[in-house]
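As structure tokens, the structure follows; a few thoughts come after it.
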Amino acid sequence: MKMTTEEFQDYKLEIEELTELLNVEWLDLKKLIISNNINLEKTLLVGYYEDDEGIEHGLLYNKKDNFILKFEVLNNRISLTSIDHVNEVSDEFPQLLVAISLED
């Protein structure tokens, strides 16, 4: 899928805002992620949403340590899934393609 420059900029801004929220305001989520030995330094929160059942879904990307992790949170419990191929999640989280292309 080819994205426009405007879409790219919108996704970039969304990634920056979500990452800032994770590091500054969403401290419960931050704590859950860190408790699973995930280093949040240089890690981007690429996407995040909550579904109708109250389950939080998100995607973390770290270029330096080369990992993509999908997560789900319910009742203050997190489950993490390592993603090996971008195309496994790029439909659900097209922002990932933007995050990968960003400079450090």
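The values are calculated or read from the model by the stated rules, or taken from the named source; none is laboratory data. Nothing here was measured: the structure is a model prediction, and the numbers come from that model. Neighbour counts are summed over all protein chains in view; Cβ atoms, including those assigned to glycine, are modelled from backbone coordinates with ideal geometry. Quick note on the areas: whole protein, heavy atoms, side chains included, nothing else; ligands and nucleic acids left out. Shrake-Rupley method; radii C 1.70, N 1.55, O 1.52, S 1.80 Å.
Worth pointing out:
- Inter-label distance, nm, simple model (7 Å from Cα along the C-beta direction), Glu20/Ile55: 3.1 nm
- Extension gain, Lys31 to Phe67: 0.36 nm times the residue separation minus the Cα-Cα distance gives 11.1 nm.
- Of the solvent-accessible surface of the chain, computed with a 1.4 Å probe over protein heavy atoms with every protein chain present, carbon and sulfur atoms account for 45 percent.
- As a calculated quantity, the FRET efficiency between Glu6 and Asn39 at R0 = 35 Å, using C-beta atoms, amounts to about 0.60.
- Each Lys and Arg contributes +1 and each Asp and Glu -1, all at the Cβ; summed about the Cα centre of the chain, the dipole is approximately 520 debye.
- Applying 0.36 nm per residue to the separation of Ser79 and Leu102 and subtracting their alpha-carbon distance, the gain on full extension is 5.6 nm.
- Cα long-axis angle, helix 5-24 against the chain (0 to 90 degrees, to the nearest 10): 20 degrees
- Counting all C-alpha pairs of region 39-95, share separated by more than 19 Å (%): 27 percent
- Cα coordinate range in the chain, projected on the principal axes (Å, largest first): 38, 31, 27
- Ordering Phe71, Val86, Gly58 by the projection of their Cα atoms onto the charge dipole of region 25-86, which places +1 on the Cβ of Lys and Arg and -1 on the Cβ of Asp and Glu, puts Val86 at the extreme positive end.
- Per residue accessible area in Å² of region 58-104, where ligands, DNA and RNA are left out and the probe is 1.4 Å: 59 Å²
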